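S.K.: Right, I'll just put the structure down here and ask away after.
What follows draws every value from the coordinates through simple rules; no lab data is involved. Keep in mind it's a predicted model, so treat the numbers as computed, not measured. Cβ sites come from the backbone with ideal geometry, for glycine too, and all protein chains shown count toward neighbours.
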Amino acid sequence: MHILIEKNYGYLGGGAQGSRKYMKEFGRISKDIYKYYGVSEEDIRNKTERYKNLVTELSRK
């Protein structure tokens, strides 16, 4: 499992491989990071890439 947080450009990413249980745990951790990272009202209003990434991540199973 790896998580990448790049502060200069606001990029979050990561990946994992292994058992279904391990992948499920990665999904929970990834969602928590995106929730903590958050978006501003301006991001929501302008539908920025940061906002779209949050919506995509939170809509995953």
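S.K.: Do the sum for the chain: with -39,500 (n - 2.57) for every DSSP H run of n ≥ 4, divided by all residues, what is the mean residue ellipticity at 222 nm, to the nearest 500 deg cm²/dmol?
M.R.: Working: 3 runs with 35 residues, N = 61.
The per-residue figure over the chain is -17500 deg cm²/dmol.
S.K.: According to a simple spin-label model (label point 7 Å from Cα along Cα-to-Cβ), what is the distance in nm between Ile44 and Arg28?
M.R.: The two pseudo-label positions are separated by 2.7 nm.
S.K.: Which length gain, in nm to one decimal place, applies between Arg60 and Lys35 when the Cα-Cα distance is subtracted from 0.36 nm times their residue separation? Mind showing how you got there, number by number?
M.R.: Details: separation 25, 0.36 × 25 = 9.00 nm, distance 1.32 nm.
Gain on extension, Arg60 to Lys35, equals 7.7 nm.
S.K.: Residue by residue through region 45-56, which ³J(HN,Hα) values in whole Hz follow from phi under the Karplus form 6.51 cos²θ - 1.76 cosθ + 1.60 (θ = phi - 60°), with glycine and proline marked x?
M.R.: Here the 3J(HN,Hα) series is 4, 8, 6, 6, 4, 4, 5, 4, 5, 5, 4, 4 Hz.
S.K.: Could you tell me which label, among (1) 41; (2) 28; (3) 36, carries the value of percent of Cα pairs over 17 Å apart calculated for this structure?
M.R.: This structure yields the entry labelled (1).
S.K.: Find which of Leu54, Ala16, Tyr36 sits farthest along the positive direction of the dipole of the chain, computed with +1 on the beta-carbon of Lys and Arg, -1 on that of Asp and Glu, about the Cα centre.
M.R.: Ala16
S.K.: In debye, nearest 20: dipole of the chain around its Cα centre with unit charges on the Cβ of K, R (+) and D, E (-)?
M.R.: Working: 13 positive and 8 negative charges, 81 e Å.
Roughly 380 debye, rounded to the nearest 20.
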